[in-house]
Amino acid sequence: MTAETFTFQTEVNRLLDIVAHSLYSHKEIFLRELISNASDACDRLRYLAITEPGLIADDPEFRIRLTVDKAAGTLSVADNGIGMNHSDLIESLGTIARSGSQVFLSQLSGDARKDMTLIGQFGVGFYAAFMVADRVEVVTRRAGETDAWQWVSDGKGAFTIEPATRPGRGTTVILHLKQDEKEFLEESRLRQIVRRYSDHIGIPIVWEGGEKPATLNAASSLWTRPKKDITEEQYKEFYHHVGHTFDDPWLTLHYAAEGVLSYTALLFIPSSPPLDMFHPDRKSHVKLYVRRVFITDDCEGLIPAYLRFLRGVVDSEDLPLNISREMFQRDPRLARIRAGLVKRVLDELGKKAENEAEAYTAFWNNFGAVLKEGIYEDFENRDRLIGLSRFRTTAGDGLVSLDTYVDRMKEGQGAIYTINGEEAEALSRSPQLEGFKAKGVEVLLLTDPVDEFWIPAVGRYRDKPFKSVAAAGIDLDAIAGGETEDKGETEAADADSPELAALTKALGEALAGQVKEVRLSRRLTESAVCLVAGEGDMDIYLERLLRQHHKLEPGMATLRVLEVNPGHPLIRRLAGLAAAEADAGRGVLADAAHLLLDQARIVEGEPVSDPTGFARRLASVLENSLPEPATPATGDA
């Protein structure tokens, strides 16, 4: 069989280009990445061998070997782990087979500094080899199979695969080092890198460059060592290994639980959000071990989805080794471990929130949108999660807790007011907030889609109901203070005027079938109009979200209530026109009605329903509002 040639996936090509040009100051991490992959390969085979011991019968001791050939200028990293076959090579070394790869690709900018941060969030794995090598060979044989394969690439767009020979299972990565990277052929340099980045690996890393093989690492799983014997740097490098990242952990949590169930947890919260955080699969990235034997890094029952930003390991002494991964998910002991992990993580977050507010704000900005999913999904821990939640409000730029919000509610304020949208800054300018600002009433600015779901599920906090300012029927009169005390009485009197009654009737007739109702507003102080949801109707922002995700049938839009500001000069002028009941006035009112509705839609971030009609009406209004041009004087001939 001759060599087959394949082309790299698009994002691999872009990643390789960035790796080659942006990571020059971090070149030594290539060895960390290759050793980490080798360790994972051994872990996976160790688990399979529990039920298929024949897979390792001829070579039961796992190890990672480093070998150099100075004459050839090569460094080899070999393992006796699970190995790969033909299809594994294409999938693993020709693509980025990870959640978030499309997000990663879309965010690459070409700016080396910015892209370095993205690589840190995504990881580079095997492709780090091309930082120091101008050609990479991979010779591999999958455990339990007889065929071996060779993968070769110069990292410039393509790779080849052809049959090879290998005496046993596993993978050997051979790096043909660039001319100026020969430092990585020296034993002292390799020892230094292994001690710094890979000492925590629980599999022996063996140097085979001298007369007698030497083990370069401690070869004991880091989480099994006493905390007092582990340095911050070792924790950091283990996080890089287990999370496949470059950033440093925001929080490190290492503890052993003893009692009815015994387990050890070494968990990390990243300082940067992973790129796959909002991937629909919502997978956990905490590795499960049983008595130091790797089981899975995708155990659905171990960590709830709202803590999926966690990285690390959990090692149980009590779970059985000889059952399937699927049965693990239903084991009641796993549920108790999960409950203990959640409690411990939430305890630590509570301490941070109380004692290090600024640091907690950084955490919340990164992961708050995910943590809030637990308010909706985890009834048992709902109160704790609400207490940990932070919100932007109309009161300022900082984040506040719900307790802080309730404690500073205005006299007579009976509800926690909210407004939902995509950006806090845009929300803060919404016309729906004008009356609240005039009264000095604080409103929560909610910009995460999950807010549309947990708030209805919770309903109330400290006996105060949540109420959207975008709902009809908001009455601010009972709330003390503000600039609208006297104005409210004036507007109440105005509401009974026949001119305004005539206007709302005329606007309602002109917009029949497009709005549910036209009514006078008690919330507007500056804007002429706004749209609000009718009593019992779906929130405007929620409907927009459902429409964007194709969860609503076309044409199923809910009719909204159009509120008009009786104190606005434009509304007063239109009211006078409506009272006159002139036919010409009716034509102007019809145009004005549609323009007011379109204005309200634009402010809500909605498209106008009839762009051509909007343009025609706007041109007509502008034409009628401008004075006639003066006729130039003509002189005598």
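The values are calculated or read from the model by the stated rules, or taken from the named source; none is laboratory data. Being a predicted model, the structure only gives us computed values, none of them experimental. Neighbour counts run over all protein chains shown; Cβ positions are idealised from the backbone, glycine included.
Observations on the structure shown:
- Flag if residue 246 is assigned by TED's automatic domain parsing to the domain that holds residue 346, closer than 26 Å to residue 81 by Cβ and either surrounded by fewer than 20 Cβ atoms within 10 Å (Cβ to Cβ) or of a type in the set (D, E, K, R) (or both): yes
- Within segment 472-509, being modelled with pLDDT of 70 or more and part of a helix (DSSP H, G or I) holds for 498, 499, 500, 501, 502, 503, 504, 505, 506, 507, 508, 509.
- Every residue from segment 53-68 that is surrounded by 13 or more Cβ atoms within 10 Å (Cβ to Cβ) and outside any helix (DSSP H, G or I): 59, 62, 63, 64, 65, 66, 67, 68
- Check on residue 237, exposed (fewer than 15 other Cβ atoms within 10 Å of the Cβ) and either without any contact (Cβ under 8 Å) to a residue 12 or more places away in the chain or not aliphatic (A, V, I, L, M) (or both): no
- Strands (runs of 3 or more DSSP E) wholly inside segment 332-440 that include at least 1 residues being at negative phi, surrounded by 20 or more Cβ atoms within 10 Å (Cβ to Cβ) and in contact with a helix residue (DSSP H, G or I) (Cβ under 9 Å, 6 or more places away or on another chain): 391-393, 416-420
- Selection status of residue 269, outside the structural domain of residue 345 (by TED's automatic domain parsing) and touching a helix residue (DSSP H, G or I) at 6+ places or on another chain (Cβ under 9 Å): no
- Enumeration of residues in segment 217-269 that are at positive phi and of a type in the set (Gly, Ala, Ser): 219, 259
- Among the residues making up segment 592-637, those that are over 28 Å from residue 517 (Cβ atoms), outside any helix (DSSP H, G or I) and either of a type in the set (Val, Ile, Thr) or modelled with pLDDT of 85 or more (or both) are 631, 634.
- Test: residue in segment 298-313 that is surrounded by fewer than 17 Cβ atoms within 10 Å (Cβ to Cβ), out of contact with any helix residue (DSSP H, G or I) (no Cβ under 9 Å at 6 or more places or on another chain), of a type outside the set (Asp, Glu) and touching a residue at least 60 places away in the same chain (Cβ under 8 Å): no
- Filter result (within 26 Å of the chain's Cα centre (by Cα) and of a type in the set (Ser, Thr, Tyr)) within segment 392-404: 393, 394, 401
- Top-ranked residue of segment 385-400 - restricted to ones that are in contact (Cβ under 8 Å) with a residue 40 or more places away in the chain and of a type in the set (Ser, Thr, Tyr), ranked as farthest from residue 353 (Cα to Cα): 394
- Residues of segment 147-163 that are crowded, with 17+ Cβ neighbours inside 10 Å and out of contact with any Gly (no Cβ under 8 Å at 6 or more places or on another chain): 148, 149, 150, 151, 152, 153, 155, 161.
- Scanning segment 178-200 for residues that are in a loop (DSSP other than H, G, I, E, B) and either more than 20 Å from residue 73 (Cβ to Cβ) or under 40 Å from the mean Cα position of the chain (by Cα) (or both) yields a count of 4.
- Residues that are closer than 18 Å to residue 204 by Cβ, among the aliphatic types (A, V, I, L, M), modelled with pLDDT of 90 or more and surrounded by 18 or more Cβ atoms within 10 Å (Cβ to Cβ) do not occur anywhere in segment 88-103.
- With respect to being under 25 Å from residue 428 (Cβ atoms), at pLDDT below 90 and either under 38 Å from the mean Cα position of the chain (by Cα) or surrounded by fewer than 21 Cβ atoms within 10 Å (Cβ to Cβ) (or both), residue 542 fits the description.
- Of all residues in segment 166-178, those being loosely packed, with under 15 Cβ neighbours inside 10 Å and touching a residue at least 40 places away in the same chain (Cβ under 8 Å) number 1.
- Any hit, segment 450-466, residues being surrounded by 13 or more Cβ atoms within 10 Å (Cβ to Cβ), modelled with pLDDT of 90 or more, part of a loop (DSSP other than H, G, I, E, B) and not β-branched (Val, Ile, Thr): no
- Of the residues making up segment 545-591, those that are modelled with pLDDT under 80, of a type in the set (A, V, I, L, M) and either within 17 Å of residue 501 (Cβ to Cβ) or more than 36 Å from the chain's Cα centre (by Cα) (or both) are 580, 582, 584.
- In segment 190-208, the residues that are over 17 Å from residue 242 (Cα atoms) reach residues that are part of a strand (DSSP E or B) and basic (Lys, Arg) with C-beta atoms within less than 7 angstrom, at least six apart or across chains, in these pairs: 206/65; 208/65.
- Those residues of segment 351-388 which are closer than 18 Å to residue 452 by Cβ and among the β-branched types (Val, Ile, Thr), in sequence order: 370, 375, 386
- Segment 39-52 - residue that is closer than 24 Å to residue 126 by Cβ and of a type in the set (Ser, Thr, Tyr) and, of those, surrounded by the most Cβ atoms within 10 Å (Cβ to Cβ): 39
- Strands (runs of 3 or more DSSP E) fully within segment 259-312 that include at least 2 residues being more than 17 Å from residue 344 (Cβ to Cβ) and touching a strand residue (DSSP E or B) at 6+ places or on another chain (Cβ under 9 Å): 285-290, 293-296.
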